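Participant: Take this structure, written in structure tokens, and hold onto it; I'll ask about it next.
The values are calculated or read from the model by the stated rules, or taken from the named source; none is laboratory data. This one's a predicted model, so the numbers in the text were calculated from it and none came from an experiment. Glycine gets a Cβ as well: all are built from the backbone with ideal geometry, and neighbour counts include every protein chain shown.
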Amino acid sequence: MADDRCADRLIALRWPHHQALIVHRQTLAPQGERDSNDRKRVRTFQPTDRVENRDRVSSGIAPPRNSEEGMVMARPAAIDALLEAARHGIDRVQPADLTSEMAAGALVVDTRPFDQRERDGELPGALIIDRNVLEWRLDPTCPHHIPQADNANVRVVIVCNEGYSSSLAAATLRQLGLKRATDLVGGFQAWRQFCVLAGDAEASARSETSQPGAP
């Protein structure tokens, strides 16, 4: 039976064939007082909506929210901010330009661990230096530096597997005074992919010129 007070009724229906939660909220007025203005308010929640964050931080401060949707916004990872800062002002080398960098005298350093080099192959012309001793081997003021790193003006291109740790390494070398230190965009994997595409294009060009009637 209807009560003299207004009541809220919340009915949640989950459709088995649709990834959406439809919530019907209907305000009920006492019998005889309903009019044409009483309507159902419907809101559809997408599967990616996040309604509540149950894990509050110990300080009691809730994560930031989008005021419109009420969704919890993800905080950027600290390492992403560090990586962005490390790459600021560095003229990173594209895979297509690595050969010309070597020809111009750049010192290309491969910091990939042994298992990655064994799995994917070596980088021709690169000097292999383990990441854990990189700064000591390339700092011209360090007694343990390699002969190729005898001055701070040497051009150094760091190559890791995918171009992330190499950016951090290049930034550290710049702090040591190697202002021309940089890294390879995308790392060894991007360079290898470039070689594959370049090789396919070259093979295609050779195939076309070998066709009968080709100039």
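Participant: Considering only region 97-148, how many residues are under 21 Å from GLN193 (Cβ atoms) and of a type in the set (D, E, K, R)?
Facilitator: 10
Participant: Follow-up question, since we're still on this one. Where in region 108-209 are there helices (runs of 4 or more DSSP H), lying wholly inside it, with at least 3 residues that are among the acidic types (Asp, Glu)?
Facilitator: The helices (runs of 4 or more DSSP H) meeting that bar are 114-120, 187-209.
Participant: Right, next: So is GLU118 in contact with a strand residue (DSSP E or B) (Cβ under 8 Å, 6 or more places away or on another chain), of a type in the set (D, E, K, R) and either over 24 Å from ILE79 (Cβ atoms) or modelled with pLDDT under 95 (or both) or not? Break it down into steps so the answer makes sense when it comes.
Facilitator: Details: in contact with a strand residue (DSSP E or B) (Cβ under 8 Å, 6 or more places away or on another chain): no; of a type in the set (D, E, K, R): yes; either over 24 Å from ILE79 (Cβ atoms) or modelled with pLDDT under 95 (or both): yes.
Criteria not met by GLU118.
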